[in-house]
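Peer 1: Structure in structure tokens, see below.
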Amino acid sequence: MFEDSLHKWRIGYLSPLAIIENAACEWYRLAPPDMLAVFISMGVTEFSGEEMDRVFAPLEKILDALMTRHVDLVLQAGTPLAVLMGMDKHDRMIAFMQKHTGKPATSTTLSVTRAAKHLGMKSIALVNKWTEPMNKVLADFFAREGVKVVGAATSEMPPSEFVKIPAGDHMMLAYELSKKALADNPKADGIYLGGGTWISEPITRQLEKETGRIVICNQTAQMWDIQEILGVRKPMPGRNRLLANM
């Protein structure tokens with residue numbers, strides 16, 4: 001009787017930070033109406049290898065909890081988490097998630113790098129709030145997909161600081177850093193605007209309109225990747241280049 005009101009796809013969403021706000025907002029702005037996010041907070045408080053070991057120690061129990069909600073795919077959200085654990089450990093984690101749940105699994109880092117390859121990018125500049133060593137590891141993830149990182153515009157700060165920035169100020173910081181990255185790297189095909197705490201998709205549209213270059217962000221890359229994996233990809237007119245031309 002109520003089939004039209006139910007969600008067809010349920011996505012297990014391992015959210016990095018303790019409080020989930022802008023990530024959920026952007027998810028439901030972008031997701032098709034038949035796709036539901038099942039959020040679980042990982043409670044990250046700092047960017048360190050020790051913190052990654054702590055938050056992922058109960059991964060098996062977390063996955064079991066998600067499966068009680070009948071999820072169809074599991075997403076490990078948050079690029080810093082994958083970068084801090086390193087490529088090999090990240091890949092083993094994704095393989096474990098798939099084997100343990102019997103469902104497809106992906107990560108923000110995989111989504112972003114796959115999206116860059118899908119768009120035909122050969123070079124990219126980074127925009128984020130992360131450290132230089134973290135961005136060097138991120139460059140290795142991109143290189144695996146045949147995309148070279150040629151520069152970065154960053155405003156390094158810990159999660160405890162950037163989560164307190166008002167949404168409008170946060171978006172302006174993202175926009176200004178993105179403009180700098182594009183200006184400083186004129187030969188790059190575009191940029192990756194990393195981070196899930198600032199509202200990113202409207203910024204990507206504005207920048208693509210102003211510059212004609214590609215701008216990828218976590219939220220659009222995740223939505224593209226999830227739909228690609230599930231085989232339900234459809235163009236989303238009015239969104240950024242990645243989603244509008246799916």
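Only the coordinates and a few stated rules stand behind these numbers; no lab work does. A quick note: this is a predicted structure, and the numbers were derived from the prediction, not measured. Backbone-built Cβ (ideal geometry, glycine too); neighbour counts: all protein chains shown.
Peer 1: For K117, list the lysines whose Cα falls under 19 Å from its own Cα; do not include residues on the same chain fewer than 8 positions away.
Peer 2: K136, K148, K187, K234
Peer 1: Report, to one decimal in Å, the Kirkwood hydrodynamic radius for the chain based on all distinct Cα pairs.
Peer 2: Across the chain, the inverse of the average 1/r is 18.1 Å.
Peer 1: Could you rank the peptides 20-32, 230-242 by their average count of other C-beta atoms within 10 Å per residue, with the highest value first?
Peer 2: Going by the mean number of other Cβ atoms within 10 Å, highest first, we get 20-32, 230-242.
Peer 1: Please give the calculated 222 nm ellipticity per residue for the chain, where each DSSP H segment of at least 4 residues contributes -39500 (n - 2.57) and the sum is spread over every residue; nearest 500 deg cm²/dmol?
Peer 2: On the way: 12 runs with 122 residues, N = 246.
So the calculated ellipticity at 222 nm is -14500 deg cm²/dmol.
Peer 1: For the range 138-246, just say rounded, prolate or oblate: build the C-alpha gyration tensor, square-root its eigenvalues into a ≥ b ≥ c, call rounded for a/c under 1.5, and beyond that prolate if a/b exceeds b/c, oblate if not.
Peer 2: rounded
Peer 1: Under a GNM of the chain (C-alpha, springs under 10 Å), which listed residue has the highest mean-square fluctuation: D53, D140, D225?
Peer 2: In this elastic network of the chain, the residue with the biggest mean-square fluctuation among D53, D140, D225 is D53.
Peer 1: Which three extents, in whole angstrom, do the alpha-carbon atoms of the range 1-113 cover along their principal axes, largest first?
Peer 2: Reported extents, whole Å, longest axis first: 49, 30, 26.
Peer 1: Give, rounded to the nearest 20 debye, the magnitude of the charge dipole that the chain has about its Cα centre when Lys and Arg contribute +1 at Cβ and Asp and Glu contribute -1 at Cβ. Please report the intermediate quantities before stating the final value.
Peer 2: Values: 28 positive and 28 negative charges, 142 e Å.
With only Lys, Arg, Asp and Glu charged at Cβ, the dipole is about 680 debye.
Peer 1: Quickly work out the V232-to-L59 label distance, labels modelled 7 Å from Cα along the C-beta direction, and quote it in nm with one decimal.
Peer 2: 2.6
Peer 1: For a test of the definition: using alpha carbon positions, the gyration tensor, and the 1.5 limit on a/c, classify the range 93-201 as rounded, prolate or oblate.
Peer 2: The shape class here is oblate.
Peer 1: Listed highest first by mean packing, meaning other Cβ atoms within 10 Å per residue, what order do 4-14, 193-203 come in?
Peer 2: The densest-packed peptide leads the list: 193-203, 4-14.
Peer 1: Have a look at V55, V127, V74 and tell me which one the Gaussian network model of the chain (Cα, springs below 10 Å) gives the largest fluctuation.
Peer 2: Of V55, V127, V74, the Gaussian network model singles out V55 as fluctuating most.
Peer 1: With viscosity set to 1.002 mPa s and temperature to 20 °C, compute the Stokes-Einstein D of the range 115-167, Rh being the Kirkwood radius across alpha carbon pairs; µm²/s, no decimals. All intermediate terms of the calculation are to be shown ahead of the outcome.
Peer 2: Working: Rh = 12.2 Å.
Answer, rounded: 176 µm²/s.
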